[in-house]
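The structure under discussion appears below in the form of C-alpha cells.
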Amino acid sequence: MARSDTFHADGVRRLFEITRRVSGSTDLAGVLEEIAQGVVEGLGYGVAAISRLEGEILVVTAVGGPEELREQLVGRRTRASLILEEFKMADHWGILRFLPHERLPSETAESLWVPDLEVSDDPDAWHPLDTLYAPLYSSSGELLGNMSVDLPPDNKIPDQQGRELLEMFVVQAGLALEHAQRREQLSRQVRLGEALKTLAFAVHRDFDSGLRDAARALSEALDAPQVTVRCFPDSVDDPVEHASGYPSPPRAPTLTVSGVRAGLQRRTGEGVLQPFVVTAEGPPEDGDEAVRVVRPHLLAHGWSSCLIAPVGVDQELLGYLVVLRTAEQPTFEDDEVGAVHEAGRELGRLVFDARVRRTETRPVRELPELDRYKGELIATISHELKTPLTSIMGHTELLEDAGVQPASVDAISRNAARLDRLVSNLLNYSRMQGRRELDRAPVDLGDMCRAAVEMLRIQSDAAGVDLELDLPDHPVLVMGDKDELPKVVDNLCSNAVKYTPRGGRVDVRLDADGEEARVSVTDSGLGISRQDQVHLFSAFHRSTNPDALTIPGTGLGLAISRTIAEAHGGTILVDSDLGRGSTFTLSVPLADD
Ligand code: ADP
C-alpha cells in the first residue's frame, strides 16, 4: 500500500476534527497551527506554512513540520504582490497553484526555503524547487492569506486525490482566517463606537482636556501608538492653536491649512474632504505638501504610516487628526479609516459649535456695558448742549424784539431750533432708555391724531403735501402716557410729511377692533429700501437713500417711538416700497371699558 493511502484515512479524520474547531474556536493561532500540523501529520507533507495577509505583506504565522524549520519560518514576511505574480505563472489545480521548478523566477528561487531532496528523473517526482501554494480567500473573494506546502507524500507530485484532500484543508484555513477577520472587525467596530461616544462626551466638558481624551479614545480603539489632533486658530475669537495628543503631546508634524487641504483634496478631487494615508515609503508626490512634510517625519521617528483625517464640517476645514502606526502594525482597515473620518466630523461639529458660541456670546457679554455707556453719553451731551442753546435762543428773541434783523439772526434762530430739536430727541431717547415709569391713564388717540395734523398743517401746506385725517366718530381710548404717546403719533406724521415730495399725499387714519387701536400713517413719499427697513428703528440710523439724506433729521425719532410704543404694550410696523411710499402703523391695546 502506498504511503499516500495510509495518509488518506488519517487525513480525513484530522480534517473532521479541524472542521469542528474552525467553526467553534476563537483561537486563530491554535486553529492554524492544527491545520498546518494536519497537513503534515494527516496528509504526509514534509512541511506546511500558513501566512496571514497584513496590509501588503504575507506573514508566516503557523508552520507544520520539524521544530527547527518552524523556528526558521515563523514570522517570515513576503510581499503579497510577489506571490500573486507567481500565481499567474502557475498551473491551476482547483484552488491550488502549482509552479513547476522550470518556471520559478530566479529571484524567488534565491529567497525560497529549499528542502534537502535529490533530483530524480521520474516525471512524477517532486523537484526541490517545485512550489505548491494555496491562496486563502474569504467567501467574498478577498485574499486573506496563503498556504504553501513542500515535500509531498512519497516525494511525488500529488495526484488528483491528493490534491483534493489538500484542498479541503486549505478551505478550512481560509474559513478560520475569515472567521477571525469577522471577529476582529466586530470587536474593532465596538471599540470604535465606544471611542466615538467618549469623544462626544469628552469635548463637551472642557475643550482642551476634551481633545486629549478624544485622542486617547482613538488611540485605544485603533491600537495606535500615537494620535494627535490639531485645531487651526480662529483669526477673530480664538487666535491660539488647540492641539493635543495621546499618549504624548502632539507628535505629528505641523501642517498648514493649505497643506492639509491640498492633501485632502488631491486625493478626493472636488467635494467632501476625505481622510488619506501617507506611508513612510512610496512614490514621490511632487508638490504635495502633506507628503513632503509628513514623510520625513515618519522616517525620522520610525513610524510606517499615518492616517490624516479632516476635522471640520462640510467643506470647512477647522483642523486635522493624525493617527500614527509602526511597521509592526497592520495598515489601516477601511472601517478604521471610516471611524477616524467620523471622529473628525464629530470633533468638527464640536469645534464649530464652540466657535459659534464664542461669537454669539461676545456681543451679548458686551451689550449691557455698551448700552450703559451710550445712555450716559447721550445724557451728558444733551445737558451740555441744552444750556448754551437755551441762552442762544433767549438772546435771539431779545434781538428780534429790539428790531435788529440782520440776516444772520434768522440763521441763528433756525439752527438753534434745529439743535434744540436734536437735543430734545436725545433727552427723550436717553430718558426712554432709562425706562422711566410711564404715567398711564385713559387717553384718546383721536385727540392725538388731530393735534399732530394741526401742528403739521402749516408745514404740509408749505411743502405742497396733501395731509388728510380720517377718524372714527367716537373717542378711541387707550391707557397711555399723555406726554409720551403723542410723541409717537407726532413723529410718524411729521416723518410722512417730511419724506414726501411736493404734490404727494399723507393719510392719517385711526381705527380700532375689539382689542387694539391702530394709527396708520400712509404717505406717497420716498419709501424705504428693504435693507434700510432692517435698521430703521435703531438709534441714529438714517436711510442710505440720498434723497432722504438731504432732509435734516437725527435718526432718533423712530427709535424713541418704538421704545414708547413697546412701553405701552404696543408695536410699530412698517410697510414700505422704495420710490412708492410707506405706511407706519402704531398699534396699542385698547383701554378696558
Ligand atoms: P429722522 O427722521 O430724524 O432722521 P427717524 O428715526 O424718525 O429719524 O427716521 C429714521 C430714518 O428713516 C429717516 O432718516 C428716514 O431716512 C427714514 N424714514 C422715516 N420715516 C420715513 C418715511 N415716512 N418715508 C421715508 N423714509 C422715512
Query raised in the report: Given 0.36 nm per residue, what is the gain on full extension from residue 27 to residue 566 after removing their alpha carbon distance, in nm?
Result: 186.3 nm
Report task. Choose one of 190, 244, 543: the residue whose Cα lies farthest towards the positive end of the charge dipole of the chain (beta-carbon charges +1 Lys, Arg; -1 Asp, Glu; about the Cα centre). Result -> 543
Query raised in the report: Each label point is 7 Å from the Cα along the Cα-to-Cβ direction; what then is the distance between the points at residue 419 and residue 120, in nm?
Result: 12.5 nm
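Only counting other Cβ atoms within 10 Å, I'd like 25, 538 sorted with the fewest neighbours first.
Exposure proxy ranking, most exposed first: 538, 25.
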Requested in this report: Could you pull out the trypsin sites (Lys or Arg not before Pro) across the stretch 509-585 that fall in loop regions by DSSP (anything but H, G, I, E, B) with no more than 14 other Cβ atoms inside 10 Å?
Outcome: 580
Report task. State, to one decimal in nm, how far the label point of residue 209 lies from the label point of residue 511, with both points 7 Å from Cα in the Cβ direction. Result -> 6.5 nm
**Report entry** Segment residue 353-residue 12, extension gain: residue separation times 0.36 nm, minus the distance between their alpha carbons
**Finding:** 116.3 nm
Report summary line: Applied in sequence order to the stretch 155-166, the curve 6.51 cos²θ - 1.76 cosθ + 1.60 (Karplus, θ = phi - 60°) yields integer Hz couplings, x standing for Gly and Pro, of 6, 10, 4, x, 7, 3, 5, x, 5, 5, 4, 4
Query raised in the report: Under a plain spin-label model, where a point goes 7 Å from the Cα along Cα-to-Cβ, how far apart in nm are residue 482 and residue 533?
Result: 3.7 nm
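Order by neighbour count: 138, 382, 561, fewest other Cβ atoms within 10 Å first, most last. Walk me through the numbers before you get to the answer.
Working: 138 16, 382 19, 561 25.
The fewest-first ordering by Cβ neighbours comes to 138, 382, 561.
Which trypsin sites (Lys or Arg not before Pro) does the stretch 435-484 hold that lie in a coil by DSSP with at most 15 other beta carbons within 10 Å?
435, 436, 482
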Report summary line: The answer for the longest stretch of the chain without any exposed GluC sites (Glu not before Pro) (DSSP loop, at most 15 further Cβ atoms within 10 Å) is 334-436
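Read-outs: derived from the displayed coordinates by stated rules, not from any lab. What you see is a predicted model, and the numbers here were worked out from it, not measured in a lab. Here the Cβ is made from the backbone with ideal geometry for all residues, glycine too, and neighbour counts use every protein chain on show.
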